[in-house]
Amino acid sequence: MVDQAKLREVAREVISREDVRLLIGYRPGTYGFRARPAFVESAEQVEELVFTPACVSNLASYLVLEEKPPLPRGAEPDNRKVAVMVKGCDSRALVQQMVEKAYERDHLVVLGIPCSGVVDMARVEARFPGVLSAGSIIREGDDFVLSFDGKTEKVPAAELLADKCKRCRYPTPLVSDIMLDDEVERFAEDDFSDIAELEGKSVEEKWAYWAEKFSRCIRCYSCRNVCPMCYCEDCILDRLKPVWMRRSVDISENTAFHISRAYHLAGRCIQCGECARVCPVDIPLMELNRKFYKDVEELYDYEPGLSTEATPLLSTFSVEDREDFIL
Amino acid sequence: MNARPKIGVYICHCGINIAATVDVEEVVRFASTLPDVVVARNYSYMCSDPGQALITEDIQNMGLNRVVVASCSPRMHEPTFRKTLMSVGLNPYFLEMANIREQCSWVHEDRIAATEKAKRLVESAVVKVRRLEPLEVKEVEVEPSCLIIGAGIAGIQAALDIADAGFKVYLVEKTPSVGGHMAQLDKTFPTLDCSACILTPKMVDVANHPNIELLTYSQVEEISGYVGNFDVKVRKKSRFVDVSKCTGCGACAEACRQAGRIPSEFDEGLGMRSCIYLPFPQAVPAKYTIDKETCLFLTRGKCGDSPKCVEACEAGAIDFEMKDEMLEFKVGTIIVATGFDVFDARNKPEYGYGTYPEVVTALEFERLVSASGPYGGKVVIPQRGKKKKKKEGEEEEAPRVPKNITFIQCVGSRDKSVGNEYCSRVCCMYTAKQAHLAKDKIPDAEITIFYMDVRAFGKGYEEFYDRVRREGIRYIRGNPSEIFRRGDKLVVRAEDTLTATPMEHETDMVVLSVGLMPRSDRREIIDLLKLSSSPDQFYLEAHPKLRPVDTATDGIFLAGACQGPKDIPDAVGQAKGAASAAMILMASGKVKVEAQTSVVDEATCRGCGFCVEICPYSAIELVEVNRMGWPVKVARVNEALCKGCGACAAACLSGSIQQRSFRDLQILPQIEVLGVSD
Amino acid sequence: MADKILKKDKAAEALKELSKFRLFAPAKSDDVVLFRQIEDPAEACLDYANSTVPPKKVVFPQTETLFRFKLGNPELREKNVEEEGTTVIFGLRPCDARAMSIVDNLFSWDYEDPYYLKRRELTTLVGMACVTPPSVNCFCASVGGEPFGTENLDLLLVDMGEEYLVKVLTDKGGKLAETIGSFMENAPEGAAAKAEELAGAAREALSRSIDTSGIEAKLPALWDSPLWKEVSAACLGCGICTYLCPTCHCFDIQDEVEDAEGRRCRMWDSCMFREYTLHASGHNPRPTRKERTRNRISHKYSYFPGKFGVIACVGCGRCVNLCPVNIDILEILGKVVEA
Amino acid sequence: MAENTRETFEPNIVAFLCNWCSYAGADLAGTSRIHYPSNVKVVRVMCTGRVNPLFVMNALQQGADGVLVSGCHPGDCHYMQGNYYARRRFTLMRRFLEYLGVEPARVRMSWVSASEGSKWKEVVEEVVEGVKAVGPMDQFKRRQLNW
């Protein structure tokens, strides 16, 4: 586990640099076991920084989420670097953002956090409901140790681990300037059996499954907004000219929304799982993204977010691409 | 542009072509109910002058600002109606066509269903035209030069015409000499002109013409750009002979250790050459070439103590260190004149070609009967595989002169079993000519021709065919099933279909009238120029009747047999046509470029570069712009390079790059209309 | 009418009877509880914390057609809400019922919204008292509500263990109670007292609170405060806090046209979306999430009380529970108080 | 609209055809008077590369029972690469829609050249038959302008 003192020390050094304007990390949340993003602009703020298995957010999203309202005449944009803490999965978002030319590598100071897994907060809160006061979660071997209200509980990690971590291929950041801990060896494999299982159902069963999920959608767009790869200036979902899908919230438009969202992430989703995590009505969005991920890997031997030198999947082709369904 | 759309819908009967299947009146009634449709009319032929006048009058009198024509395919008359709009000052891109003929009335039988479909297609056109925008047709300069690929008779003729008109020509030929297949022929039908006599002067002309840069033994490697501005890369293959020094004396070929051992391509392998060679005596340029596939020095690094050719060459022209040379130049137009291959008779094994030396192909027969050929113009049974050059003192075995010669037509033509459905157009006549020549050389020979039909359609052809028949040549209607040996004779088994008599015909020699095939290396050109092929695998013209020398790509034209089998007059005629088409562009000096190009909304582009990566024409680049004080990268389109495919538009996640006339805003309403089930 | 008792084993039958109306009740969809129209009592899940999406969607649907039209035809076909018929929302939490009375202010202010008001009129609200707080972030008592609150409810059910105590609060509630009268019995003596006891305990169990006095007046003065940047820094700009808020009521009007026919509809909108205030000119008076967050809080705790005398927040805790990045309205209010 | 039974069901299919090959091939079917079912309605685009896979979603949503995208054979694209891009996009989209429960028979793709008028007929027949076999699209079709 990351040494919290070292983390703060590194953060202090980084934010003290003249060429760094902002450091994005984590701090404890407002209640219970939660942790939340922290935006550090001065050395005084580093004391609140933490990294624990409760640090679920993918902070890479904030690199592309920043709004740029019109600058007053004569004002110069602050082009100094942004420092960001990333876990293995999050780091792939940085790579993919760079593949898509969101910024140059030297715009960033990357604080890499080799990660042995974060919790699924819903599982934690279901297991320990009603905890208001600040609780802590640390990893000890194969267990999570939770301390709250003067008590300490040990829970086997597998019971609280986020699903994405149970199949994490890249626990150690693929890009980093300062690695905050020793490299974590790959501890899980991903065979996409969850997707294969769904694929094996009949079309009727599949539609029944998805119709149920999509009908719950309230189109809050949290899945889109939290996604580190969704950062168009003007999303087609918001456009009125033309209307790609209507604002109506019904099974047809909701389905169209989910098809569009998932398709736009084909060959781009880096499996941080944020969309599924934030969905208030528990739509298993990663099962959509992972279908594309699985097909893209099988058909084109392509995994996004691994190399900044990669060509975007759908901006390229091979003459040999499979076409067995084409008449 | 922002004026409220006032749409006129014009529905064509096309005589009964549309009206017989589609209830035109009903479509008019329906169209007139659609939003923004001010007028809907029908007329027997919208494309006729009075039909077009209906449109122009309505535009002028009713203030229409959008027009839908429901008629034939836009591929047919879109240009016509665009001009109609333009003639009264309306932007030509305010037109949308509904294809209710080719894709409706001609393919459906049920009147009700066809009418319903026509209504939907019209509605789809209406919703699209409502959202169309005026486009500006821009012009680019045309480089006054032409690349011609292939220097057979078609390429030569096109080159001479263009060069004579004062434009620069780059004539690229793959082999060491110009001339192509025509140079191999002895006489030409029906006039019996000596092929070399009429061709050679033109060959010399292309070599000497001040406007022609002749690049023999060269290959086009890369072509990029667009009409008027093609960038060409040509590989000038090394001849290992310095052409500026070579006098063409031939001493080197005489001296070559392999002299007389290498089959001559020009003589169809019946004659032999050296590794260093001139393809044929009249070759242009008259410069020797070392064949690096067979040259001992080049393949093994050793040729005796030293290469004999080097010793023999007084001019010191041979240079084994010579490298391929890359040339780069710009042209405005391109003519493809790559010609044909002949059918490989081994693909009809029942005729025994390759097994029996007495079975020859027609092209081999041309070489036999040619005075410059390997047998000095004697019609004999060639001695295949035997070295012509005998050792001193050894007795020459004289080649056998056939007394009975049989020709078989349509070998590899009109034959589905070998995948060639088409007629090769030249075989009937060259067979008649060859029969005549054989009779001329061996007056007492018995000559028989097996045929399916005789097609003597050209000027003077029927007369020639008649003349040959009267010379005592026997025509038997029947397609032989096999050829086999019996003693020292060959037996042709066939059925005389006119008398329904099975027969076995004994003969000394068989000549197979092989057909013309698309070149085996046609893929190279297809990949270079993105040409399409027709089902017979010859290159596809833009329109079989009205644009026979054009290709789908502006500025690229076809000449000669690469487009389909042709005899010499047709090839020359088409070459002149292609030359003229190219010269129109070069003479006007300007050409209109695609108006339906892509355009970027820089306010929403996020600069991801997907479109840049995807554009096959490198027409898009990322540039830095100032967005409300912030420097951001956005895509920008070079409209002269953009060909309007729209691949970028489908790749853009935010819809920030759009193809004009095919914007999402214009296509989505079409989908909405067409998607609705009736 | 006197208090009644509905035995839990009779609840299904009572629901069955109520399902002759348009009956909405909490139901589980996977692990998510939502108010759904119920036909089979087995679908209902009365033993729940709170629904993820508040029942406001029954009277203020996320998407609703106002009228249909044909291009070029002046005649409109208006939606007749009356046709929807009697509607029952069964088992909603007192805070969510109270939220509707807050939203009523808006829809009956300078313009009486016929769609919303008609639906409210047709709807009977059957509450379910919060014997234990549905979430750790409940703070209804700080904003004028309580776990056993009866405001705006027609009936209130109190889970007494084996049975529900049914308090009849209005005539409308009384009429509804009559339709299921045969499944109920009179409440025994002492039931009301026991319920009072439970109510007191429930109030005690609320773990979070905020002193709201003075916030309304203070907020306008904090317009330029740096606290807005600080509290909004992590905001993703999604619609969770507003869409799941029982008092948020912003909507957008869209025409959906197909061919020559179309409908005008009203659909939820969120002030947390960039497009919400985006002008056609491209100008956006609330250009960043900072301004939007400030507006959300100010609207609930200052503008709305300024206009209608009531805070537009019922302390249900949904925005805190479900915010993906733990933006906590109580923390923000605390900073406002401190500032 | 009368309730469709499997027997009387006439599917509505929206096709996106590239101008240079498939649209020309469909025109050739016309000039050759090759008859085929009238269920397919064509949107002409310059290249299959222009066809956004989300168009498929839109068409199905709007009520089309099937969608066909047809372009030049590999290697023959007038714009060199458009059909290759389209092939990737539609391969993925088709598999994805199947994963959601949309029968793959509803999402088809073909290569039809300018000279393949008769192939166009065969493609249309095959697509229509395929969609007939799976019946009307009802998964996420827009319930048109319902209240």
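The values are calculated or read from the model by the stated rules, or taken from the named source; none is laboratory data. Just so you know, these numbers come straight off a predicted model, no measurement behind them. So basically every Cβ, Gly included, is an ideal-geometry build from the backbone, and we count neighbours across all protein chains shown.
Listing for the model above:
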read-out: Selected residue [surrounded by 13 or more Cβ atoms within 10 Å (Cβ to Cβ), of a type in the set (S, T, N, Q), in contact with a helix residue (DSSP H, G or I) (Cβ under 6 Å, 6 or more places away or on another chain) and assigned to a loop (DSSP other than H, G, I, E, B)] from A:30, A:52; value: A:30
read-out: Extreme residue, nearest to the other protein chains (Cβ to nearest Cβ), among residues of region C:319-335 that are more than 22 Å from residue C:219 (Cα to Cα) and assigned to a helix (DSSP H, G or I); value: C:322
read-out: Selection count, region C:260-303, where residues are over 20 Å from the mean Cα position of the chain (by Cα) and outside any helix (DSSP H, G or I); value: 18
read-out: In region B:149-181, the residues that are over 14 Å from residue B:284 (Cβ atoms) and either assigned by TED's automatic domain parsing to the domain that holds residue B:290 or in a helix (DSSP H, G or I) (or both); value: B:154, B:157, B:158, B:161, B:162, B:163, B:164, B:181
read-out: Per-region count, region C:229-272, residues aliphatic (A, V, I, L, M), closer than 30 Å to residue C:74 by Cα and facing chain A (nearest Cβ under 9 Å); value: 1
read-out: Residue that is farthest from the other protein chains (Cβ to nearest Cβ) [pool: residues in region B:79-118 that are over 29 Å from residue B:595 (Cα atoms) and of a type in the set (Lys, Arg)]; value: B:111
read-out: Test: residue in region A:191-214 that is in contact with a helix residue (DSSP H, G or I) (Cβ under 7 Å, 6 or more places away or on another chain), within 14 Å of another protein chain (Cβ to nearest Cβ) and of a type in the set (S, T, N, Q); value: no
read-out: Residues of region C:242-255 that turn out to be out of contact with any Asp or Glu (no Cβ under 7 Å at 6 or more places or on another chain) and either more than 26 Å from residue A:232 (Cα to Cα) or crowded, with 20+ Cβ neighbours inside 10 Å (or both), as a count; value: 7
read-out: Of residues in region D:127-136 being within 11 Å of chain A (Cβ to nearest Cβ) and in contact with a strand residue (DSSP E or B) (Cβ under 8 Å, 6 or more places away or on another chain), the one farthest from residue A:210 (Cα to Cα); value: D:127
read-out: Unmet requirement for residue B:397, which otherwise passes all of (1) modelled with pLDDT of 95 or more; (2) more than 34 Å from the chain's Cα centre (by Cα); value: (1)
read-out: Failed criterion for residue A:306 (all others in (1) part of a loop (DSSP other than H, G, I, E, B); (2) out of contact with any strand residue (DSSP E or B) (no Cβ under 6 Å at 6 or more places or on another chain); (3) hydrophobic (A, V, I, L, M, F, W, C); (4) within 8 Å of another protein chain (Cβ to nearest Cβ) hold); value: (4)
read-out: Any hit, region C:258-269, residues being surrounded by 17 or more Cβ atoms within 10 Å (Cβ to Cβ) and either of a type in the set (A, V, I, L, M) or at positive phi (or both); value: yes
read-out: Count of residues meeting criterion [surrounded by fewer than 18 Cβ atoms within 10 Å (Cβ to Cβ) and either at pLDDT 95 or above or part of a strand (DSSP E or B) (or both)] in region B:7-16; value: 0
read-out: Single unsatisfied condition, residue A:155 versus (1) in a loop (DSSP other than H, G, I, E, B); (2) touching an Asp or Glu at 6+ places or on another chain (Cβ under 7 Å); value: (1)
read-out: Single residue of C:291, C:275, C:338 found to be over 26 Å from residue A:31 (Cα atoms) and either out of contact with any Ser or Thr (no Cβ under 6 Å at 6 or more places or on another chain) or more than 10 Å from chain A (Cβ to nearest Cβ) (or both); value: C:275
read-out: Any hit, region D:24-33, residues being touching a Phe, Trp or Tyr at 6+ places or on another chain (Cβ under 7 Å) and more than 7 Å from every other protein chain (Cβ to nearest Cβ); value: yes
read-out: Tally of residues being without any contact (Cβ under 8 Å) to a residue 60 or more places away in the chain and either among the charged types (D, E, K, R) or more than 13 Å from residue B:257 (Cβ to Cβ) (or both) across region B:296-334; value: 7
read-out: Any pair with Cβ under 6 angstrom, 6 or more apart, that starts in region C:203-229 at a residue that is under 13 Å from residue C:294 (Cα atoms) and ends at one that is basic (Lys, Arg); value: C:227/C:335; C:228/C:290; C:228/C:294; C:229/C:290
read-out: Residue tally, condition surrounded by fewer than 22 Cβ atoms within 10 Å (Cβ to Cβ), hydrophobic (A, V, I, L, M, F, W, C), more than 34 Å from the chain's Cα centre (by Cα) and not in a strand (DSSP E or B), over region B:35-80; value: 3
read-out: Residue that is at positive phi, crowded, with 22+ Cβ neighbours inside 10 Å and not aromatic (Phe, Trp, Tyr), where the choices are B:589, B:644; value: B:644
read-out: Among residues of region B:182-193, those that are surrounded by fewer than 16 Cβ atoms within 10 Å (Cβ to Cβ) and either part of a loop (DSSP other than H, G, I, E, B) or of a type outside the set (D, E, K, R) (or both), counted; value: 2
read-out: Number of the condition not met by residue C:193 [criteria: (1) without any contact (Cβ under 8 Å) to a residue 60 or more places away in the chain; (2) in the same structural domain as residue C:296 (by TED's automatic domain parsing)]; value: (2)
read-out: Test for residue C:49: is it touching a residue at least 12 places away in the same chain (Cβ under 8 Å), among the small types (Gly, Ala, Ser) and within 14 Å of chain A (Cβ to nearest Cβ); value: yes
read-out: Residue in region B:81-94 that is touching a residue at least 60 places away in the same chain (Cβ under 8 Å) and surrounded by fewer than 22 Cβ atoms within 10 Å (Cβ to Cβ) present; value: yes
read-out: Counted residues, region C:56-78 - those being touching a Leu at 6+ places or on another chain (Cβ under 6 Å) and either crowded, with 24+ Cβ neighbours inside 10 Å or within 14 Å of chain A (Cβ to nearest Cβ) (or both); value: 0
read-out: Sole exception among (1) part of a loop (DSSP other than H, G, I, E, B); (2) farther than 30 Å from residue C:333 by Cβ for residue C:157, by number; value: (1)
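Yes or no, residue by residue, for (1) more than 27 Å from the chain's Cα centre (by Cα); (2) not in a helix (DSSP H, G or I):
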position	(1), (2)
B:266	no, yes
B:283	no, yes
B:297	yes, no
B:302	yes, yes
B:316	yes, yes
B:321	yes, yes
B:327	no, yes
B:330	no, yes
